[in-house]
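Heads up: the structure comes next, in structure tokens.
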Amino acid sequence: MRAAVVREVGASPEPGELPDPKPSEGEALVEVHAAALNPIDLAIASGRFYAGLPKVPYAPGREGAGVVRQASSVAPGTRVRFERDYGYGANGTVAELAVVDEAALVTLPDEAEDAIAAALGVAGLAAWLALRKANVPSGGTVLVLGATGAVGQVAVQGAKLLGAGKVVAAARDGEALERTRGLGADEVVLLGDSDLAAAFGNAAGGEIDAVIDPLWGEPAVAALTALRIGGRLVHLGTSAALEATIPSAPLRGKNVAIVGHSNLTTPHEEKARAFRELLDHVIAGRLRVDVDVFPLERIADAWREQAVSPHRKIVISLGRERGENRA
């Protein structure tokens, strides 16, 4: 099969060929039409992922959209979104064929474009499921850290869809941050301010009900200070730092809660429900996902784009997806 092939740990993938995968019991064989890249893909290929070094050569990729070729629970020819949350370093989804857990298949409606379905998965689910955990009160105020990234952009829009009255977006790129206003952000805060807690509070016009945090580190600590009594911070990433020094005062004095989220430990059934909700919003025009689609032959260019934290989703086309809009 054609695939993006990582031939050495630390190297970028290149177009090539790998043996066709063989499904085991409980697995489906899927013909991949579009596969999204995520930061985890680069971490695995570089050898920096905590699960250890990948076994080369292999095809990267954790998610995608395409058509079922073989499965026991889904009819061949069914269009699906799918993901792999096991076998790190094994062949992934940036290939013509992929093997995935049958429980990870989500049937796609005719209106769903393959590239959008692929792009909406990991990042969209992280944002949507984190918002669900945030328990935002109707009309409440939500602070979205890292708002210019793929997760943050969905979180800004999703907060309003789930009833937030005010959304404050925070990030380091001022130009990209201003664009979040078009997604529903009411106020913005440029990270790097000397007193972030005060900046968050001023932007919110008071205390904050919930924080969506894919950053950790200093921004998360400042956000905790700006939370109201009983407020909640949902932590789902470490883009700013792997560690944070949390003072006791805001935790105890305000009875705030830090709640963790990981897609990897979320049951497939819950992710499927959340994905369908997100996709319904996209199809209805209530939620936007910015996507750049690269053909497999330009995997090196796509890889470089992903490495610089683009403010959009990078999707690899295997040549057959609907609604193709190549970069």
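One residue stands out in the stretch 17-41 among those that are part of a loop (DSSP other than H, G, I, E, B) and small (Gly, Ala, Ser): the one that is surrounded by the fewest Cβ atoms within 10 Å (Cβ to Cβ), namely Ser24.
Just one of the listed residues (Ala223, Ala210, Ala284) is closer than 19 Å to Val156 by Cβ, free of Cβ contacts under 8 Å to residues at least 24 places away in the same chain and among the aliphatic types (A, V, I, L, M), namely Ala284. Within the stretch 262-275, take every residue that is assigned to a helix (DSSP H, G or I) and within 15 Å of the chain's Cα centre (by Cα) and give me the one that is farthest from Pro214 (Cα to Cα). Out of the qualifying residues, it is Ala272. Among the residues of the stretch 1-21, the ones that are touching a residue at least 60 places away in the same chain (Cβ under 8 Å) and either small (Gly, Ala, Ser) or out of contact with any Leu (no Cβ under 8 Å at 6 or more places or on another chain) (or both) come to 6 in all. Are any residues in the stretch 76-91 at pLDDT 70 or above, assigned to a loop (DSSP other than H, G, I, E, B) and either β-branched (Val, Ile, Thr) or under 18 Å from the mean Cα position of the chain (by Cα) (or both), and if so, which ones? Thr78, Arg84, Asp85 - these are the residues of the stretch 76-91 that are at pLDDT 70 or above, assigned to a loop (DSSP other than H, G, I, E, B) and either β-branched (Val, Ile, Thr) or under 18 Å from the mean Cα position of the chain (by Cα) (or both).
The stretch 148-226 holds strands (runs of 3 or more DSSP E) entirely within its bounds, and those carrying 1 or more residues that are in contact with a helix residue (DSSP H, G or I) (Cβ under 7 Å, 6 or more places away or on another chain) and over 23 Å from Ile258 (Cβ atoms) map to 187-190. Restrict the check to the stretch 47-58 and report whether at least one residue is within 22 Å of the chain's Cα centre (by Cα), surrounded by 14 or more Cβ atoms within 10 Å (Cβ to Cβ) and in a helix (DSSP H, G or I). No: zero hits.
Number of residues in the stretch 290-327 that are assigned to a loop (DSSP other than H, G, I, E, B) and either at pLDDT 95 or above or not aliphatic (A, V, I, L, M) (or both): the value is 12. Against the numbered list (1) modelled with pLDDT under 95; (2) farther than 26 Å from Leu120 by Cβ; (3) of a type in the set (Gly, Ala, Ser), Gly16 comes up short only at (1).
Only one of the numbered conditions (1) small (Gly, Ala, Ser); (2) surrounded by fewer than 21 Cβ atoms within 10 Å (Cβ to Cβ); (3) touching a residue at least 60 places away in the same chain (Cβ under 8 Å) is violated by Gly165, and that is (3).
No other residue among Gly253, Gly230 is surrounded by fewer than 16 Cβ atoms within 10 Å (Cβ to Cβ), of a type outside the set (D, E, K, R), in the same structural domain as Trp216 (by TED's automatic domain parsing) and modelled with pLDDT of 95 or more apart from Gly230. Name the single residue, out of those in the stretch 217-263 being aliphatic (A, V, I, L, M) and touching a Pro at 6+ places or on another chain (Cβ under 8 Å), that is nearest to Leu131 (Cα to Cα). This residue is Leu236.
The values are calculated or read from the model by the stated rules, or taken from the named source; none is laboratory data. Keep in mind it's a predicted model, so treat the numbers as computed, not measured. Quick reminder, even Gly has a Cβ in these numbers, built from the backbone with ideal geometry, and neighbours come from all protein chains shown.
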